[in-house]
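Input: a single structure, listed below in structure tokens.
The values are calculated or read from the model by the stated rules, or taken from the named source; none is laboratory data. Every value quoted in this text rests on a predicted model; they were computed, and no experiment measured them. In this analysis, Cβ positions are derived from the backbone assuming ideal geometry, glycine residues included, and neighbour counts consider all displayed protein chains.
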Amino acid sequence: MSNEFSGGIESLEVWKVARAFRNHISDLVNSFNEEEKYLLRFQLLKSTRAASSAIAEGYGRYQINERVHYCRIARGHLVEALDSLYIAVDEKYISDHTFNLYKKEYDHLIKLLNGYIGYLKKNEDPVMDDMDMIMEDGARYGEERDDGVE
């Protein structure tokens, strides 16, 4: 497995696209009427923020199965955001054209996320990389260190 941590979370394409989607949704909900600013607006912001946060949290995990788990959580939040977009178009808060633009962006993000999950699953035997050494400070738990520190 390549050292995907070398560039930080900012180097992960799926996170960058999730971040952009979250920001576009934030711009969109600012156009909603006052009542929806406290209902549907909250739901869309919450689900898109949770999606990018779950991708980030999984990225920081050592175990591949944990990374995949958090990506699946992110996917669930994205589907929730899509449902909220359907509500917005059904309630006439956004036009069909606007909905289709966001749906296209959503579809691209879901494909990237599924691709990332596939990539992770292909590499289920994690190897020690730079991030692991930073997180573990060299020695594994339960092993003696040779620098005199216990």
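May I ask you to list the residues in segment 3-21 that are at pLDDT 90 or above and either of a type in the set (Gly, Ala, Ser) or outside any loop (DSSP other than H, G, I, E, B) (or both)?
Residues satisfying the conditions are 9, 10, 11, 13, 14, 15, 16, 17, 18, 19, 20, 21.
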note = Here the qualifying pairs (Cβ atoms under 9 Å; residues six or more apart or on different chains; first in segment 17-31 and farther than 15 Å from residue 46 by Cβ; second of a type in the set (Gly, Ala, Ser)) come out as 19/52
ask   = Going by the structure shown, is residue 46 modelled with pLDDT of 95 or more and more than 14 Å from residue 119 (Cβ to Cβ)?
value = yes
request  = Return a yes/no flag: does segment 86-104 have any residue that is in contact with an Asp or Glu (Cβ under 6 Å, 6 or more places away or on another chain) and under 28 Å from residue 118 (Cβ atoms).
outcome  = no
ask   = Picking from 94, 117, which residue would you name as being at pLDDT 90 or above, outside any helix (DSSP H, G or I) and either under 18 Å from residue 25 (Cβ atoms) or not acidic (Asp, Glu) (or both)?
value = 94
ask   = In segment 50-68, is there at least one residue being under 18 Å from residue 114 (Cα atoms), in contact with a Gly (Cβ under 8 Å, 6 or more places away or on another chain) and buried (at least 16 other Cβ atoms within 10 Å of the Cβ)?
value = yes
